[in-house]
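A short write-up of the structure that comes next.
Rule-based calculations on the coordinates, nothing more; no lab input. Just so you know, these numbers come straight off a predicted model, no measurement behind them. Note that each Cβ is placed from the backbone with ideal geometry, even for glycine, and that neighbours are counted across all protein chains shown.
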Amino acid sequence: MAEHATPPGDTGAIGMLTGASFFVADGPAGGGGASGGGGAPGFYLSKEAMTAELTNLQNLQTRIDSQIEKAVPMWSIVPPGKDPASLRNTDASNNSGNYYRGHLMRQSAYLGSVIQKMKDALGIHDAHDQQAGKDITKQGEGHF
């Protein structure tokens, strides 16, 4: 799977999400949501709508990550010769591929930010839940 990091120096669309919040409009989900459509600015969705949209965005991010993996040849072209024309054309092609890769990485990182905010609103904390499970299992191993 592709890395979900923001390319260096990029403050574009991801920066715009810094203050945005997602709220579950029909009540808290596992302690992670906020009820009502009150005063805080952000996105208010029902639990069902947010869960469905979360699934859609995760599928889209998977497709984008797959595109990154499949597009590696677009920025790793090897020149057929060492003559100046071959080197220049290869550099131009690789640069074009690098721009495409950067675009896909920014899309994936943006989706990653939205996905994480939705998970937080829904009370989905995968990494913490997995670590807690491991800690409990480890703790129980020595106390029989």
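From the set of residues in the stretch 74-103 that are part of a loop (DSSP other than H, G, I, E, B) and of a type outside the set (A, V, I, L, M), which is farthest from the chain's Cα centre (by Cα)? It would help to see each step written out before you state the result.
Filtering the stretch 74-103 down to residues part of a loop (DSSP other than H, G, I, E, B) leaves 75-83.
Applying the additional criterion that residues be of a type outside the set (A, V, I, L, M) yields 75-76, 79-83.
Details: 75: 22, 76: 24, 79: 34, 80: 37, 81: 39, 82: 39, 83: 41 Å.
Top of the filtered list is 83.
Taking the stretch 64-88 as the range and being free of Cβ contacts under 8 Å to residues at least 12 places away in the same chain and surrounded by 14 or more Cβ atoms within 10 Å (Cβ to Cβ) as the test, only 79 passes.
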